[in-house]
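See below for the structure under consideration.
The values are calculated or read from the model by the stated rules, or taken from the named source; none is laboratory data. These numbers were taken from a predicted model, which means no experiment stands behind them. Note that we place each Cβ from the backbone using ideal geometry, even for glycine, and neighbour counts take in every protein chain shown. Areas reflect the complete protein model, heavy atoms only, side chains present, ligands, DNA and RNA absent. Shrake-Rupley method; radii C 1.70, N 1.55, O 1.52, S 1.80 Å.
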Amino acid sequence: MKRGKNLRRDAIYCVSTILLVISCKGFSGVFTGNTPAAFTPGATVNLPKAGGGFINATVISLNGSTAAGLDLTGSGIPDILFIPVSGGNGRVMGLDVNGDGVIDYYLVVNFDGSITIETARTGGATVNLTTDANGNVTGFDTPSASGSPQNIFSLIKNDTTPPTIAASLAAGSYTGAQSVTLTCSDNVACNAIAYTTDGSTPSFGPPANGTLIAGNTATLTVSATTTLKYITRDAKGNLSTVGSEVYTFGCALVGGSTNCALTISGNVTTPYGNSAGVTAPGDTDATGNAARFYGPRGITSDGTNLFVVDSGNNKIRKIVIATGVVTTLAGPAAGCYNTCPTGDLDGTGTAARFNTPIGITYANGYLYVADSNNNKIRRIDTTSGVVSTIAGPAQGTTTVGDTDATANSARFNGPIGITTDGNSLYVADYTTYKIRKIQISTAVVTTLAGPAQGCSPSCPSGDTDGASTTARFSGLAGLRLNGSTLYVADAGNNKLRAIDTNTGAVSTPIGPTQGTTTANDTDGTGNAARFRAATDMVFDGTNIFIADKNNNKWRRGSISTFAITTFAGPAAGCFPSCPNGDADGSGTSALTYWPEFLCTDGTALYATSSQHKIRKIQ
């Protein structure tokens, strides 16, 4: 009897090992094969049950060799989650159930071969498994001071909440290798991540597909055009939805910009609409200089075509770049100049109606249009010409507001500029002085920066850098993404603002610093540069090109330094009377009047102005 007591005492200090090695005094060589001794994946253990007896469980792992918990039902996934804490020599010292790295329970090997879970290293109260009337395990208990069971740790067997997973890098175009971290979040514990880079759907099998990573993070590097898909699983086996990001490398167009450097010397020509020296408005579908526009505003490209918002004619025009053929894609049919009807109708081609559309962007076969006076965002299928409303009041309703919501429940007030990264739309909401974000797949609308939701009809303007809703703008116009930074033409403040799309934080990298809105046409670096109502910009991975509307010129700067110069239009120093005109030419010999929006097809810049024509800058 004495020897038995000594063995029990020694067992309290004994711990089982992942390697199935039991070397505690008095136990050497006793437990072998399937003997329920070690907390090692695949081992069978007996756990004490409240009221007497034991419950048989299998030690299980979903991560490889590290024990993850106990399977009570034979389902192959843990019903009770454990986080083993290892000590020296690879031994499992105890179980951490809350992930803080501190041992919460100890496994004690008993003389009869069962494992007792105890709350202290020496002589603590045994933790028993509680069961319901049907024998199903419902949790752990330990005697309280009153002697009644006290639930101290719940099972995860009833967890049905799926985990979530997100990529650290937004989809888009990049010129160099990028690191992407996939991170899982769960209410209990993330278990593993699976991902693919060939566009196939990842799975945990059987059969498994993709790269499998244990734990809650996975980091990879992408350096070529990649369709990344990813999924995660928690300790219970719940799966997240499949996420997807498309990374483009090499020369690509996204949201009217490109990621490859353009060779722009400043030579200005007029390939579409009125030829140089002619400024007559109209509404003619034709080729090259025979075509007519009336107040063209926003412009974008898919690399083969230009798409122009012909605002004065309330329609969207298409230009085949190679041939110069101009047609009407959506809105009233050609020939309605000065009487082109406004309206708010979804439909196909010429059956659709707009009311002073302004901004436009292209992504994945669709155009997205800021239909300003209808206070909504329209979508156009570039193949069929079908027009629908993606966000803002439904067809026939034009209610203003600033409500963050989904699809037709969202509200805008005079949206003007719009751009995209292929997954989200970013909108300059003119009258509410804020930048809105629309998730294309869900049509969920949120406020990225500017006054918080609920300020309409008296949202405050201003010139304040800061975090998200503390920032203030004035006279918003065009906007473009460069990586994860959104640049906004804050025309009313004569500067360009930058917004971190992950946090909403706003800063002023180009033009007068916060609190100063001085207009001029000074070539300079960063905050030393001056503009007079800059309205739009384009990036090429190396440079930023800017339409300086009221100075009648186009400016350029390095992305790395923001050293701004004038590359087409009147030379620096002409403020406040920079000359306007309509002359093709190179550099400062070219003249225009109120250049407003810009885009690129990957080789040249294209610009709209108040002269009812499309200029090309090479």
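Under a 5 Å amide H cut-off, with hydrogens placed 1.01 Å from N, SER424 pairs with ILE440 among residues at least 5 apart or on other chains. Between the alpha-carbon centres of the stretch 561-591 and the stretch 369-410 there is a gap of 37 Å.
Overall, the stretch 327-462 carries a charge dipole of about 60 debye about its Cα centre when +1 sits on the Cβ of Lys and Arg and -1 on the Cβ of Asp and Glu, all other atoms neutral. Here the stretch 449-603 has 48 percent of its accessible surface on carbon and sulfur atoms, given a 1.4 Å probe and all protein chains in place.
In percent, rounded to a whole number, the relative contact order of the stretch 166-223 is 39, using alpha-carbon pairs under 8 Å and six or more apart. Estimated at the nearest 10 Å², the accessible area of LYS437 is 50 Å² with a 1.4 Å probe. Packing, as the average of other Cβ atoms within 10 Å across residues, places the peptides 221-227, 183-189 in the order 183-189, 221-227, highest first. Using heavy atoms of the protein chains and a probe of 1.4 Å, the accessible area assigned to THR588 is about 80 Å².
Given labels modelled 7 Å from the Cα in the Cβ direction, how far is it in nm from THR269 to SER441? Once both label points are built, they end up 4.3 nm from each other. Farthest toward the positive end of the dipole of the stretch 194-348, out of GLY282, THR232, GLY324, is the Cα of THR232, where the dipole comes from beta carbon charges about the Cα centre.
Take each peptide in 540-553, 444-457, count the other Cβ atoms within 10 Å of every residue, and average; sorted highest first, the result is 540-553, 444-457. Shown for the stretch 244-332: the carbon plus sulfur share of the solvent-accessible area, taken with all protein chains present and a 1.4 angstrom probe, equals 53%.
The THR227 and THR131 beta-carbon pair, evaluated with R₀ = 60 Å, returns a calculated FRET efficiency of approximately 0.80.
How large is the convex hull of the C-alpha atoms of the stretch 227-371 per residue, in Å³? Numbers along the way, then the final one.
On the way: hull volume 21.3 nm³, N = 145.
Enclosed volume per residue, from the Cα hull, is 147 Å³.
Placing unit charges on the Cβ atoms only, positive for Lys and Arg and negative for Asp and Glu, gives the stretch 200-323 a dipole magnitude near 160 debye about its Cα centre. The phi-based Karplus calculation (6.51 cos²θ - 1.76 cosθ + 1.60; θ = phi - 60°) puts the 3J(HN,Hα) values of the stretch 477-493 at 9, x, 8, 8, 8, 10, x, 9, 9, 9, 9, 10, 7, 8, 4, x, 9 Hz, whole numbers, x for Gly and Pro.
Beyond a 27 Å Cα-Cα separation, which of these cross-linked pairs lie in this structure: LYS437/LYS616; LYS318/LYS616; LYS49/LYS236; LYS318/LYS495; LYS229/LYS495; LYS318/LYS549? Mind showing how you got there, number by number?
Details: LYS437/LYS616 30 Å; LYS318/LYS616 16 Å; LYS49/LYS236 22 Å; LYS318/LYS495 31 Å; LYS229/LYS495 39 Å; LYS318/LYS549 24 Å.
Result: LYS437/LYS616; LYS318/LYS495; LYS229/LYS495 exceed 27 Å.
Can you give me the distance in nm between label points at VAL320 and GLN618, each placed 7 Å from the Cα along the Cα-to-Cβ direction? Going by the 7 Å Cα→Cβ label model, 2.0 nm.
Which FRET efficiency, nearest 0.05, do THR398 and ASN423 yield, Cβ-Cβ r, R0 30 Å? Don't jump to the answer; show the numbers that get you there.
On the way: r = 27 Å, r/R0 = 0.91.
Once rounded, the FRET efficiency stands at 0.65.
Placing +1 at every Lys and Arg Cβ and -1 at every Asp and Glu Cβ, with all other atoms neutral, what dipole size does the stretch 273-371 have around its Cα centre, in debye to the nearest 20? Show your work: numbers first, answer last.
On the way: 6 positive and 7 negative charges, 34 e Å.
Using Cβ point charges on Lys, Arg, Asp and Glu, the stretch 273-371 gives about 160 debye.
Phi angles of the stretch 250-255 translate, via the Karplus equation with coefficients 6.51, -1.76, 1.60 and θ = phi - 60°, into HN-Hα couplings of x, 7, 8, 9, 9, x Hz per residue; Gly and Pro are given as x.
For SER484 and ALA280, compute 0.36 nm times the residue count separating them, minus their Cα-Cα distance, and round to one decimal in nm.
Details: separation 204, 0.36 × 204 = 73.44 nm, distance 4.08 nm.
So the chain would gain 69.4 nm between SER484 and ALA280.
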